[in-house]
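Notes follow once the structure below has been shown.
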Amino acid sequence: MPATVAVTTLLQEKFPQVTPRASLDLEAVNVPPADVIAVLKALRDDHGFDMLVDLTAIDWAEGVSPRFTVVYHVFSTTHHGYIRVAANCANDELPAMPTAVGLWAGANWHEREAYDMFGIKFDGHPDLRRILMWDEYPHFPLRKEFPLAGIETPLPDPDVVAETGAKAIAAPMMGGPFVAATGEINLTEAEPRAKDESWSEVREKPKA
């Protein structure tokens, strides 16, 4: 039996509210948000899951409740096993989750990215601010209602405006889905391009 299966059983002995989560790859559990830090700490301290590999989120779409789920992937460098921990945000309008920075310093940037892209706040985070978009950016690009082509937004940097003449861009840049031309052999020439490249400047082909 894989080590993580036994760990799930042990977790349920200490945390009866933990339930198995359907998964096609890793052993996975659902955890109430109020208990997620205690469960992660037990995984780290009692079961050897000493590495936070990833922390991300899911937006199940508007009208679905709970709408947002925070997902943690932790790894044991001792028995080389993974386990997935998922916790639903209790509030669909103001999603939040306790910070895991006290357990893994590496959670810092992961949580900032989840905040930046999904608008999920991590209570107790030491420096929760956007990590990819600028601070005043009013949208959350990985939410389901955000269009693939981006949303035209005023540029925050006057130097960029002065240099380019553009007062706004579709941010993030327009594009997607990305496609590669069929029949290409040269991988450089076959580099995937966005179907919609209207955001880009006019490109001149290099002269031979």
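Bear in mind that the values in this text are calculations on the coordinates, not laboratory data. Computed from a predicted model, the values in this text were never measured in an experiment. Here the Cβ positions follow ideal geometry from the backbone for every residue, glycine too, while neighbour counts run over all protein chains shown.
A few comments on the model shown:
- Förster radius 25 Å - calculated FRET efficiency between Asp92 and Phe15, Cβ distance, rounded to 0.05: 0.55
- Unit charges at the beta carbon, dipole of the range 3-123: most positive-side option, Ala6, Ala96, Val64: Ala6
- Whole-Å semi-axes of the range 3-123's equivalent ellipsoid (Cα gyration tensor): 23, 16, 12
- The listed peptides 65-76, 141-152, ordered by packing as a protection proxy, come out as 65-76, 141-152 (highest mean of other Cβ atoms within 10 Å first).
- Residues whose amide H comes within less than 5 Å of that of Asn91, counting only those at least five positions distant or on another chain, are Ala96 (H built at 1.01 Å from N in the peptide plane).
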